[in-house]
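The values are calculated or read from the model by the stated rules, or taken from the named source; none is laboratory data. Since this is a predicted model, take the numbers as computed values, not measurements. Virtual Cβ from ideal backbone geometry, glycine too; neighbours counted across all protein chains shown. Accessible surface is based on the protein model in full, side chains and every heavy atom, while ligands, DNA and RNA are left aside. Shrake-Rupley method; radii C 1.70, N 1.55, O 1.52, S 1.80 Å.
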Amino acid sequence: MSSFNKTKNIIVTGATGFIGQHLIPQLLNNNSHVIAVSRDETKASNFEWYNDVEYYSLDISKGIDDIKVRDGYGLIHLAWDDLRDYKSSRHIDVNLPSSFNFIESLIKKGLDQVLVTGTCFEYGKQSGLIKSTVECQPVNSYAIAKNELHKSLRQLKKDKNFRLQWARLFYMHGKGQSSHSILSQLDTAIDKNYESFNMSSGEQIRDYLPIEKVVQQLCYLYFSRNEGIFNICSGMPISIKALVESHISKRGSNIKLNLGYYPHRDYEPMEYWGEKDIDNENHQMKTKS
């Protein structure tokens, strides 16, 4: 593995999002100087890390004049809107150009390293074990936009000197996750003493990783400075039904599952999980070309 990054000035967009709120403490624990970016400073001020970062309240689509960048600065780009609707045209029409223009502007200012979180949806409806080397076949607007951003940044590398790390996120769970995620909805149902919980058949096989493990892999990837595409995943397939049943057991709940209430999503295969690229616990990482 290549030597670790000596420069620890890191811009983090989407600082108050699900990943950002967990990632920033990890970066601070690594003695990094974090420049945290989000729209809502009131929300940011509620996090324990707020007074330990350099904070900017900023909409990335409206310019970055206030952010000071020097040679050797890095970026972890998490910000992305409209995640409740993967089919929205805004992913392509708004989020894609906003993200590219923001990143390009920072690179022109001297940004040295860029880590962007992509998505396993870039792989489309391919089934089984998914390696990060397979060709992308995105089928929804969110995945198409992420894939196009990756291709655009790779093209930009031909003219600009920066390190590019593309981290494809699989499924996550943990504190602070969207209230629309399945385990958040389950917790709400349990807390309200519902007798049953409506869900799909639960037969779908997925790759879930606790948010604490997600940010550990992202930190390890960033500081390795290794370039390429990396799956952020557990490498362990699990059915959604088994995941839900395990969570119910941990909560000590007797809630019943109303299986088959919702249909399966048409943009996902029934069974897929990632090949694990980053084993930060054993300090191992697959070499990328």
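What about Gln177, is it open to solvent by less than 40 Å² (accessible area, probe 1.4 Å) and in contact (Cβ under 8 Å) with a residue 24 or more places away in the chain? Criteria not met by Gln177.
The set of residues in the stretch 13-38 being farther than 12 Å from Cys219 by Cα and either in a helix (DSSP H, G or I) or touching a helix residue (DSSP H, G or I) at 6+ places or on another chain (Cβ under 8 Å) (or both) consists of Thr13, Gly14, Ala15, Thr16, Phe18, Gln21, Val34, Ala36, Val37, Ser38.
From the list Ser132, Ser141, pick out the single residue that is of a type in the set (Ser, Thr, Tyr), touching a strand residue (DSSP E or B) at 6+ places or on another chain (Cβ under 6 Å) and either closer than 18 Å to Ile238 by Cα or crowded, with 16+ Cβ neighbours inside 10 Å (or both). Even if it seems obvious, please write down each step before you answer.
Working: Ser141 fails: touching a strand residue (DSSP E or B) at 6+ places or on another chain (Cβ under 6 Å).
Sole residue among the options that is of a type in the set (Ser, Thr, Tyr), touching a strand residue (DSSP E or B) at 6+ places or on another chain (Cβ under 6 Å) and either closer than 18 Å to Ile238 by Cα or crowded, with 16+ Cβ neighbours inside 10 Å (or both): Ser132.
For the stretch 69-86, how many residues meet the condition of being surrounded by 14 or more Cβ atoms within 10 Å (Cβ to Cβ), touching a residue at least 40 places away in the same chain (Cβ under 8 Å) and not small (Gly, Ala, Ser)?
Narrowing the stretch 69-86 to residues surrounded by 14 or more Cβ atoms within 10 Å (Cβ to Cβ): 69, 72-83, 86.
Filter once more, so that each one left must be touching a residue at least 40 places away in the same chain (Cβ under 8 Å): 69, 72-80, 82-83, 86.
If we keep only those that are not small (Gly, Ala, Ser) as well, we get 69, 73, 75-78, 80, 82-83, 86.
Going through the stretch 69-86 one residue at a time, the tally reaches 10.
Could you check, for the stretch 91-113, whether at least one of its residues is assigned to a loop (DSSP other than H, G, I, E, B), of a type in the set (Asp, Glu) and under 22 Å from Arg225 (Cβ atoms)? Yes, there is a match, as at least one residue in the stretch 91-113 is assigned to a loop (DSSP other than H, G, I, E, B), of a type in the set (Asp, Glu) and under 22 Å from Arg225 (Cβ atoms). May I ask you to verify whether Asp93 is open to solvent by 40 Å² or more (accessible area, probe 1.4 Å), under 21 Å from Leu169 (Cα atoms) and either of a type outside the set (Gly, Ala, Ser) or touching a Cys at 6+ places or on another chain (Cβ under 6 Å) (or both)? So Asp93 fails the test.
Of the residues making up the stretch 204-236, those that are under 21 Å from Ser178 (Cβ atoms), touching a residue at least 60 places away in the same chain (Cβ under 8 Å) and among the hydrophobic types (A, V, I, L, M, F, W, C) are Ile211, Val214, Val215, Leu218, Ile232, Cys233.
Based on what the data block shows, is Asp40 surrounded by fewer than 19 Cβ atoms within 10 Å (Cβ to Cβ) and either at pLDDT below 95 or within 20 Å of the chain's Cα centre (by Cα) (or both)? Taking the combined requirement at face value, the residue satisfies it. Among residues of the stretch 117-145 that are among the acidic types (Asp, Glu), those with a beta-carbon under 7 Å from a residue that is modelled with pLDDT of 95 or more at least six positions away or on a different chain give the pairs Glu122/Cys136; Glu122/Pro138; Glu122/Ala143; Glu122/Lys146; Glu122/Asn147; Glu122/Arg168.
Contact map, the stretch 237-253: first residue at pLDDT 95 or above, second residue open to solvent by less than 40 Å² (accessible area, probe 1.4 Å) and of a type in the set (Phe, Trp, Tyr), Cβ cut-off under 8 Å, separation 6 or more or different chains; pairs are Ile238/Tyr208; Leu243/Tyr208; Val244/Phe197.
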